[in-house]
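What follows is a short report on a single structure.
The values are calculated or read from the model by the stated rules, or taken from the named source; none is laboratory data. Please read all numbers here as calculations on a predicted model, not as lab measurements. Cβ sites come from the backbone with ideal geometry, for glycine too, and all protein chains shown count toward neighbours. Calculation scope for accessible area: heavy atoms of the full protein, side chains included, ligands and nucleic acids excluded. Shrake-Rupley method; radii C 1.70, N 1.55, O 1.52, S 1.80 Å.
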Amino acid sequence: MDMWKPIVVAGAAATLMGATLTAQPSAQSSTPSRTAVRLQLAPGSQLSFEGTSTLHGFTCTTTKMQAYIDVDAAYSTSDLSALTHPIVAVQVVIPVKSLTCGGELENNMFNTLDATKYPFIIYKLSTYDLVSGAGSATSIAADTRGGLTISGKENQIAMRVTATRSAGGLVTATGDETIKMTDFGIKPPRFMLGTLRVGNELKVKFTLKATSGAVAAAVTELTNRLAINATIAGRSGPAR
């Protein structure tokens, strides 16, 4: 069964649809003068968590995610290094149970992240500074800060993100950052009577590919997913 077809609470969806997702400009930026363009995720987008254990390393990967990616309306034709605020808003939603880790590790990961109670990992961009001298007509680098929510706990994380624009307006953004499970209230799991221990650190890596296009269906789907998450969180009480 498609994991995205539970019943959606209409009131929660309407509230989320009206919520602003605009990132605050950095100290060096000004509010964009043009209407933002919303991009749609394209094939090739991927996110992974890389971890270690006393037995071997592991990687959990997903390509099943949705996102709001709003950019300056001139992004497809302008010199990107000349735009003061090329990224307007970013929000990414990842269903925990879409992660593929291989074998029994998947179920262990779902249990560790309490996927039934907290079915989504959510990232929302808060602010950023463009890296001086790192941009070009078709690329930018930015030092970003954003809220990452895992297992109901949100933390602000800093990450260097690079983005390039290719022919046809396709944008490819990449980045990685190491996080600690304990920062999100997650106890690194142990298995086999404690002889197999998972390391506390996870390296988050992503590649997001996005283009402008028919995004109405994607926006509606993401709004519904967020509404489901908000409803579940409301029933579960305050985050840990």
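Quick one: net charge of residue 160's neighbours, Cβ under 9 Å, K/R +1, D/E -1? In short, -3.
Placing dummy labels 7 Å off each Cα toward the beta-carbon, the span from residue 191 to residue 137 is 5.2 nm. Test of understanding: extend the Cα→C-beta vector of residue 207 to 7 Å, then name every residue of segment 55-95 with backbone N under 15 Å from that spot. Only 61-64 pass the distance filter.
Accessible surface area normalised per residue over segment 143-184 is 45 Å², counting heavy atoms of protein chains with a 1.4 Å rolling probe.
Calculate what fraction, in whole %, of the accessible area of segment 69-189 sits on carbon and sulfur atoms when a 1.4 Å probe is rolled over the protein chains. Reported share for carbon and sulfur atoms: 51 percent. Excluding same-chain neighbours fewer than eight residues apart, the lysines reachable from residue 180 by a Cα-Cα span under 24 Å are 64, 97, 117, 124, 153, 203, 205. Using the Cβ-Cβ distance between residue 84 and residue 117 with R0 set to 30 Å, the FRET efficiency works out to roughly 0.15.
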